[in-house]
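See below for the structure under consideration.
The values are calculated or read from the model by the stated rules, or taken from the named source; none is laboratory data. Since the structure is predicted, the reported quantities are computational estimates derived from the model, not experimental observations. Neighbour counts run over all protein chains shown; Cβ positions are idealised from the backbone, glycine included. To get the accessible areas, we keep the full protein, side chains included, count just its heavy atoms, and leave off ligands, DNA and RNA. Shrake-Rupley method; radii C 1.70, N 1.55, O 1.52, S 1.80 Å.
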Amino acid sequence: MKRIYLSPPHLSGLEARFLQEALESGWVAPLGPQVEAFEREFAEVVGAKHALALSSGTAAIHLALILAGVGPGDEVAVSTLTFAASAFPILYLGARPIFIDSEAVSWNMDSDLLGEFLEARAKRGRLPKAVVLVHLYGQSANLDPILALCQEYGVALVEDAAEALGATYRGRSPGTFGLTGVFSFNGNKIITTSGGGMLVSDDPALIARARKLAAQAREPVPWYEHREVGYNYRLSNLLAAVGRAQLRVLRDRVEARRRVFRRYVEGLGDLPGISFQPEAPWGKHSRWLSVILVDPEAFGHSPEQIRQALEQEGIESRPVWKPLHLQPVFQGAEVVGGRVAENLFAQGLCLPSGSALEPEDQDRVVEALRRLAR
Ligand SMILES: *Cc1c(COP(=O)(O)O)cnc(C)c1O
């Protein structure tokens, strides 16, 4: 029986040609014309002025926080319902994460809770240095109120759009509203370079500074001169070639994932105790992952029992992100709210969502769930 994966890489068929071009040009070493072209093309696709190709999304978040001025002892507000990579770079810098709960309508950061938190901190005269706002599973957070708060309190907004390439908020790509935005090309994301990331901003000075930091902070003199700590975070020219090939089919990939989601709604929508991550009214969900919520009483099985049953049939599924305020590595960190994210973790299950998922294979997933419901 063919195994069905959660979100496997989906090649466009153009990768070999772009790679060949990169190899023939002799630019195998880091950087080179494919990187520059990938940055230019990516910036155009998402509607950002500048883009910097990096070795991972995590590296991009790390640099974004440095650009926001985050340092030891600073506080950074971050969504609690997310992958740990959204918050690990806060710890790299010796800063402290403050976890903010989700809202029910989008599962992303609750702007009311962020507002209460910022107001309380402003009274104490100690505002966080940045807000890391995550756009989860392909759905944009509600940017307008969060942007207004960041502006009011003078706090930098870093958008973690690693899961939301191809989504929109009022017609524009999430990741292009804040001071900086971050994308990922990890193997299971909507497009992949096998591993890689992108930092975008409309401010050329910020991207120039990040470009320097990502290349070991080398000063522009003939010898190796360093005045600050640097990182080896650039994307290789070969992987940028793969990224360019993937970018060409982004639109198709979004439509394919949205089709997968619609087929789940058609196939499972009538089952008792099953509901879906809603599509918030402010934009287009890319449906990077199709996520269901399971009411165990009504459905008769818990999400974990479903996960194990699917696994028996060679189908990979995954619980919703465990909220970061519950993660041992972040023990002791402050959390604002937390119940909404905890419930989503308790009830959520991510179903196979790949853009190459064949209808017959998706039928297997639907049938397995329908059998469990009986
Ligand atoms: C994948 C992901 C990242 C990290 O990206 P990498 O390229 O794997 O380092 C960060 N944040 C979120 C929300 C992600 O899903």
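Quick notes
- The one condition in (1) under 29 Å from Pro204 (Cβ atoms); (2) under 17 Å from the mean Cα position of the chain (by Cα) that Pro72 fails to fulfil: (2)
- Scanning segment 157-188 for residues that are buried (at least 23 other Cβ atoms within 10 Å of the Cβ) and within 10 Å of the ligand (Cβ to nearest atom) yields Asp160, Ala161, Ala162, Glu163, Ala164, Val182, Phe183, Ser184, Phe185.
- Residue that is crowded, with 17+ Cβ neighbours inside 10 Å, out of contact with any Leu (no Cβ under 6 Å at 6 or more places or on another chain) and at pLDDT below 95, where the choices are Ser236, Ser201: Ser236
- Residue selected from segment 1-24 under the condition open to solvent by 60 Å² or more (accessible area, probe 1.4 Å) and not in a helix (DSSP H, G or I), by the criterion farthest from Ala256 (Cα to Cα): Met1
- Residue that is farthest from Val158 (Cα to Cα), among those in segment 55-67 that are of a type in the set (A, V, I, L, M, F, W, C) and within 15 Å of the chain's Cα centre (by Cα): Ala59
- With a requirement of 2 or more residues that are free of Cβ contacts under 8 Å to residues at least 60 places away in the same chain, outside the structural domain of Leu324 (by TED's automatic domain parsing) and of a type outside the set (Gly, Ala, Ser), the strands (runs of 3 or more DSSP E) lying completely within segment 47-114 that satisfy it span 75-79.
- Count of residues meeting criterion [outside any strand (DSSP E or B) and more than 15 Å from the ligand (Cβ to nearest atom)] in segment 189-201: 0
- Selection count where residues are part of a helix (DSSP H, G or I) and surrounded by fewer than 21 Cβ atoms within 10 Å (Cβ to Cβ), scope segment 29-41: 5
- Where a residue in segment 299-312 is within 11 Å of Arg370 (Cα to Cα) and its partner, wherever it lies, is open to solvent by 50 Å² or more (accessible area, probe 1.4 Å), with Cβ under 7 Å and at least six apart: Phe299/Pro272
- Matching residues in segment 42-61 - criterion: being farther than 22 Å from Thr168 by Cβ and either open to solvent by 10 Å² or more (accessible area, probe 1.4 Å) or more than 10 Å from the ligand (Cβ to nearest atom) (or both): Leu52, Ala53, Ser55, Ser56, Thr58
- Of all residues in segment 220-249, those that are in a helix (DSSP H, G or I) have Cβ atoms under 8 Å from Cβ atoms of residues that are open to solvent by 40 Å² or more (accessible area, probe 1.4 Å) and β-branched (Val, Ile, Thr), 6 or more apart or on another chain, in Asn237/Val28; Leu238/Val28; Leu247/Val45.
- Segment 135-149, residues that are away from the ligand (no atom under 15 Å from the Cβ) and either open to solvent by 10 Å² or more (accessible area, probe 1.4 Å) or within 22 Å of Leu289 (Cα to Cα) (or both): Asn142, Leu143, Asp144, Pro145, Leu147, Ala148, Leu149
- Condition met for Glu342 (within 29 Å of Ile90 (Cα to Cα) and among the acidic types (Asp, Glu)): yes
- Meets criteria (open to solvent by 30 Å² or more (accessible area, probe 1.4 Å), in contact with an Asp or Glu (Cβ under 8 Å, 6 or more places away or on another chain) and closer than 29 Å to Ala77 by Cβ) for Leu213: no
- Pick from segment 250-294, criterion of a type in the set (Ser, Thr, Tyr) and touching a strand residue (DSSP E or B) at 6+ places or on another chain (Cβ under 6 Å), ranking: farthest from Ser184 (Cα to Cα): Ser275
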